[in-house]
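Working notes, beginning with the structure itself.
The values are calculated or read from the model by the stated rules, or taken from the named source; none is laboratory data. Computed from a predicted model, the values in this text were never measured in an experiment. Please note: Cβ atoms are built from the backbone with ideal geometry, for glycine as well, and neighbour counts cover all protein chains shown. With ligands, DNA and RNA removed, areas are computed over all heavy atoms of the protein, side chains included. Shrake-Rupley method; radii C 1.70, N 1.55, O 1.52, S 1.80 Å.
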Amino acid sequence: MTVWDDLVGQERVSEVLTAAARDADALVTAAATGGPPPESSKMTHAWLFTGPPGAGRNQTARAFAAALQCVSPDRALGGVPGCGFCDGCHTALVGTHADVTTVAAVGAEILVRDMRDTVRKSYTSPATGRWQIILVEDAERLNEKSANAVLKAVEEPAPRTVWLLCAPSLEDVLPTIRSRCRHLNLSTPSVEAVADMLVRREGIEPQVAAAAARATQGHVDRARRLATDPAARERRAAVLKLPLRLDEVGACLKAAQELVDAAAEDAKQLAEEMDGKETEDLKAALGAAQGGRLPRGTAGVMKDLEDMQKRRRTRTQRDSLDVALTDLTGFYRDVLALQLGSRVAIANADAEDVLERLARAGSPEATLRRIEAIAACREALDRNVAPLLAVEAMTMELRAG
Ligand SMILES: [Zn+2]
C-alpha cells in the first residue's frame, strides 16, 4: 500500500501530486549528487488543498508530505515516491518526522502565538536534507495576524521549504496567500469509492461498508467511524429518531438539551484523555520540583496550555454537534427526496419507514424550511452563540406540523 492508496476517489489530484513528488525527488537528488538541477519542475513551494468536509484535504496533504520525504530505494528505479513503508513515509504519516510540522486549530482561530515557532522553522533547512514541510490544517482559521505571518513566510520561502495549506474553499484563504499557492480542489468521493475503501483498507463487510458510505454521503472519515465504531452508530441512530419526537415545545427543549449534553460529553472525554498528561508533561519539561512546585516565571506558559485546552474543549463540542447537524440535514434531505418522488439518492435507507411517515405528513416547503433551520443553527454556532440557545431555536423550527 503506497501513501496514495489512502486517497479515496481523487485520481486527478493524485496524478498531479505524484508528478510533483517525482520532480521534487529529482531536485533533491541533483543537489545531493552535485548534478545540474532539472530544467523544468512540477514542484512548487506552496500548495493549497480545498474541498468539502470529508473529501480528505488533510490526508491528501499528509500523503504528499510523506511522498516528499520518501527515501525508498525504489524511487531510483522509477518507482513513485510515497512507498508508505520507508522511514521517511512512515514518520511523516504518523506525525513524528522532524521536517514535517503540522499546525491545526485547537479553537476557533489559529493564533499568531501558535504560528510563531512554525514560521521561524520554515526559514530553516530541513534536518534530513530533503524538504522542510509545514502542513496547516484548517487554514481558514488563521486570523488576521497569523495569516499575515504565514503570508510573509510564503512570499519569501527558504529554498527547501514547502507549505501545504488546507481549507474548505478558496474564499476561506486570504487572496494574497492563495495567489502564491498552487491550488488543488478535491471532490466529494463517490459512495462506491468510499465503500470500496472500507472493504479494502479496513476489512469491513461489504454490506456494512455500503451502508456507512451511503449514510455519510462521501465523507470518508465519518464513514470509517460509522463502519468501525458501534458508539458512533448508536449516536447516529438516536439523532435520526429525533425528528419524530419533536411534537411539542417541551419535547423540543429536551431534545436540544440532549444534543448539547452529548456533545459536551464528547469534549469532556477527550479532555480527560489528553489534558492531564499534557499538563504533567509540560510541568516535567519546565522542571517542576517534587511536590509540583514550578520554577519562577513559568506561570505564563502553564496558562497558555490551559487556554489551549479550553479552546480545544469548545472546538470538540462544536465539532461533535456539527456531526449531529449533518446527520439531521441528511435526514431531511431524504424526506424531501421522497416528497419530490425521488427514491434514488436516499442516504438513510435504514430509517426509511420514519422518512416515509414524515414525507407523507408534510410538504416539501416545510421540509426545506427545516433544512434551513439546521443551516441557521450552524451559522449561529459559528458566530459563537451559546450552543443550547442555537440548538433550541433549531429544534423548535423542526417541530412537526
Ligand atoms: Zn517511502
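As I understand it, the dipole of the chain uses +1 on the Cβ of Lys and Arg and -1 on the Cβ of Asp and Glu, about the Cα centre. Which of Met308, Leu286, Ile110 lies farthest toward its positive end? The listed residue farthest towards the positive side: Leu286. Per residue, the accessible area of the stretch 165-305 comes to 57 Å², computed with a 1.4 Å probe over protein heavy atoms only.
With contacts taken as Cα pairs under 8 Å at a separation of at least 6 residues, the stretch 1-82 carries a relative contact order of 38 percent. About its Cα centre, the dipole of the stretch 249-400 is roughly 460 debye, where the only charges are +1 on Lys and Arg Cβ and -1 on Asp and Glu Cβ.
Rounded to the nearest 20 debye, the dipole magnitude of the chain is 680 debye, with +1 charges on Lys and Arg beta carbons, -1 on Asp and Glu beta carbons, and the Cα centre as origin.
For the chain, hydrophobic long helices are taken as DSSP H runs at least 24 Å long by C-alpha position along their axis with mean Kyte-Doolittle hydropathy of 0.0 or more; these are 11-33.
A compact globular protein would have a Cα radius of gyration near 2.2 N^0.38 Å; the ratio found for the stretch 185-278 is 1.34.
Placing +1 on the Cβ of every Lys and Arg and -1 on the Cβ of every Asp and Glu, with nothing else charged, gives the stretch 3-185 a dipole about its Cα centre of roughly 380 debye. Considering all different alpha carbon pairs of the stretch 256-367, the Kirkwood hydrodynamic radius works out to 17.7 Å.
Peptides 265-276, 181-192 ranked from most to least packed, by the mean per-residue count of other Cβ atoms within 10 Å: 181-192, 265-276. When the Cα centres of the stretch 239-305 and the stretch 16-91 are compared, how far apart do they sit, in Å? The distance from the Cα centre of the stretch 239-305 to that of the stretch 16-91 comes to 38 Å.
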